[in-house]
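What follows draws every value from the coordinates through simple rules; no lab data is involved. Computed from a prediction, not measured in an experiment: that's the story for all the values here. Quick reminder, even Gly has a Cβ in these numbers, built from the backbone with ideal geometry, and neighbours come from all protein chains shown.
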Amino acid sequence: MTETIEEIRIERAQGIGFIALNRPKALNALSTPMIHAIRRALESWRNDDSVHAVVVYSPHPRAFCAGGDIRFLYQSAKAGEQAAIDEFFTDEYQLNHAIFTYPKPYVALLNGVVMGGGMGISQGARHTGGLLVVTESTRMAMPETRIGLFPDVGVSWFLARTPGAIGRYLAATGATIDAADALYANLADVYMDEGALASLVDTLKQKRFASGAEVVKFIEGEGRADAGKTSELEANRAYIDTHFASGNGAACLKSLENATNGAEREWAAHTAAELRERSPLSIDMSLELIDRAKTSTMAETLRRDLGLTRATFDHGDVMEGIRARIVDKDNQPVWKVTRVEDVTREAVLRMYESPWAAADHPLAGLAD
């Protein structure tokens, strides 16, 4: 089976299904055709005994996948096409769930930019018995609070299971992490030199494997467990846990701004400045999201995400965030609530009110 559309290439070789993301000008941002093509491939391989594992990768050095097609969503919202927005997110979240519950090892080779939707089509790998491979170029983030959104695509489930308060910190700040950080935070499994990825894919297409476990073992053997450098998340772990363990955005900011110890004060001041640039409402939504994900299934998480996307487009900050950061690029968003200290609990809970009854939810069919 080989399926090639302009933005993706699907093929099968030596018992492995390969998905190559091929939209380099958009840093492989996921379009609707890409989402559909990946889903079709996974469904066709799910019950095919001749396919032992799946490998998703980018042949382009700058990015694995920078996220979803934000411009498409912005233009759809401007045109009043709510159905198109709902359909995009519904299709994307169904794909995220299909990956998370896939019955065969799913391996993601994560070079370059890995953000938003790119996290969504990769983080489920470990749950399948597969692997997340990172390199020296990997730059991983869920930067949604910068545009008035929140860490969607089910990633709050994974962030909620990172050590200490790292998940809450990453969700609120949208901080970008490297390979060493990803390995420390359990958001990656194996480190591999960047230059080895292409030859790895070539070898996988030529070498015979009898099982998915053999594929995983081979890839593990080609890499190593550490990135050869200290993780900044690990180095700052005590600060992160001190200031982000609990509370809303205002509480975290107050804690940061009260830091007085030398090195901690410098880190806290930088982090507080980052938070001041984010959407205040999105910060509180995101912290709440991580807290709820700690006791949720992936299906529940994705259903919650879909409701939140509707809320953010209806009465949140996302349209203004996309305008300021991506469309006009003036980087001067006018948030609906200007200061984190002014976000009310009622406003946050309003965002969590689902527009659908449980039985009518577009993702009601996802298995818990």
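For the Cα atoms of the chain, what angle does the longest principal axis make with the long axis of helix 32-46, in degrees from 0 to 90, nearest 10?
Roughly 50 degrees between the two axes.
Arg39 to Ala367: extension gain in nm, 0.36 nm per residue of separation minus the Cα-Cα distance?
Stretched fully, the Arg39-Ala367 segment lengthens by 116.4 nm.
Could you pull out the trypsin sites (Lys or Arg not before Pro) across the range 1-101 that fall in loop regions by DSSP (anything but H, G, I, E, B) with no more than 15 other Cβ atoms inside 10 Å?
Details: sites: Arg9, Arg12, Lys25, Arg39, Arg40, Arg46, Arg62, Arg71, Lys78; in loops: Arg62.
Sites meeting the loop and neighbour criteria: Arg62.
At 0.36 nm per residue, and after removing the present C-alpha to C-alpha distance, how many nm does the segment from Asp226 to Arg46 gain when stretched out fully?
Values: separation 180, 0.36 × 180 = 64.80 nm, distance 3.18 nm.
Gain on extension, Asp226 to Arg46, equals 61.6 nm.
Show which lysines lie in cross-link reach of Lys207 when reach means a straight Cα distance below 30 angstrom and same-chain residues fewer than eight apart are skipped.
Here the lysines satisfying the reach criterion relative to Lys207 are Lys104, Lys217.
Taking the Cα centroid of the range 186-239 and of the range 318-368, what is the distance between the two, rounded to the nearest whole Å?
35 Å
With 10 angstrom as the radius, rank Ile177, Ile85 by how many other C-beta atoms surround their C-beta, starting from the fewest. Kindly include the intermediate steps, with their values, before the conclusion.
Values: Ile177 24, Ile85 17.
Listed from fewest to most nearby Cβ atoms, that is Ile85, Ile177.
What aspartates and glutamates could a cross-link reach from Lys78, if we take a straight Cα to Cα line under 18 Å and drop same-chain neighbours fewer than 8 places away?
Correct list for Lys78: Asp69, Asp86, Glu87, Asp314, Asp317, Glu320, Asp328.
Work out the charge dipole of the range 2-360 with +1 on the Cβ of Lys and Arg and -1 on the Cβ of Asp and Glu about the Cα centre, then indicate which of Ala26, Ala357, Pro280 is farthest towards its positive end.
Ala26
Rounded, prolate or oblate: which one fits the range 133-263, using the alpha carbon gyration tensor with axes a ≥ b ≥ c (rounded when a/c is under 1.5, else prolate when a/b beats b/c, else oblate)? It would help to have the intermediate numbers written out before the result.
Details: a/c = 2.82, a/b = 2.18, b/c = 1.29.
It is prolate, given that a/c is not under 1.5 and a/b is the larger ratio.
List, in order, the whole-Hz ³J(HN,Hα) value for each residue of the range 170-186 obtained from phi through the Karplus relation with A = 6.51, B = -1.76, C = 1.60 and θ = phi - 60°; use x for Gly and Pro.
Once θ is set to phi - 60°, the couplings for the range 170-186 become 5, 5, 6, 8, x, 4, 8, 10, 9, 4, 4, 5, 4, 5, 5, 7, 6 Hz.
Each label point is 7 Å from the Cα along the Cα-to-Cβ direction; what then is the distance between the points at Asp328 and Asp193, in nm?
4.8 nm
Give the Rg (one decimal place) followed by the Dmax (whole number) of the range 283-368, computed from C-alpha coordinates and expressed in Å.
Cα only, the range 283-368: 14.6, 43 Å (Rg, Dmax).
Measuring from label point to label point, each 7 Å out along Cα→Cβ, what is the Glu264 to Tyr352 span in nm?
2.9 nm
Which of Ala63, Pro143, Met192 sits closest to the plus end of the dipole of the range 2-360, meaning its Cα is farthest towards the positive end, when Lys and Arg get +1 and Asp and Glu get -1 on the C-beta?
Toward the positive end, the furthest listed residue is Met192.
Quick one: dipole size for the chain, taken about the Cα centre, charges +1 on Lys/Arg Cβ and -1 on Asp/Glu Cβ, in debye to the nearest 20.
Working: 39 positive and 50 negative charges, 54 e Å.
Roughly 260 debye, rounded to the nearest 20.
Just to be sure I understand the model, the point goes 7 Å from the Cα along the line to the Cβ. What's the resulting Thr176 to Ala238 distance in nm?
Placing both labels 7 Å along Cα→Cβ, they lie 2.9 nm apart.
For each of Val201, Val155, Val114, count neighbouring Cβ atoms within 10 Å of the residue's Cβ, then give the residues from fewest to most.
On the way: Val201 18, Val155 30, Val114 34.
The most exposed by this proxy come first: Val201, Val155, Val114.
Given R₀ = 30 Å, FRET efficiency for Glu214-Thr297 by Cβ-Cβ distance, to 0.05? Don't skip to the answer; put the middle values down first.
On the way: r = 30 Å, r/R0 = 1.01.
Efficiency for this residue pair is about 0.50.
At 222 nm, what value in deg cm²/dmol follows for the chain if DSSP H runs of at least 4 each add -39500 (n - 2.57) and the sum is divided by all its residues, to the nearest 500?
Helix-only estimate at 222 nm: -13500 deg cm²/dmol.
If amide hydrogens are placed 1.01 Å from N in the peptide plane, which non-local residues have theirs closer than 5 Å to the one on Ala63?
For Ala63, whose amide H was placed from the backbone, the distant partners under 5 Å are Val113.
Out of residues 5 or more away from Ile8 or on other chains, whose amide H comes under 5 Å of its own, with H placed 1.01 Å from N in the peptide plane?
When sequence neighbours closer than 5 places are left aside, the close amide H contacts are Asn22.
In angstroms, what radius of gyration and Dmax does the chain have, counting Cα atoms only?
20.0, 61
Counting other C-beta atoms within 10 Å, which of Val54, Val190 has the fewest, and how do the rest follow? If you can, show how the numbers build up before the last one.
On the way: Val54 27, Val190 22.
Listing Val54, Val190 from fewest to most nearby Cβ atoms yields Val190, Val54.
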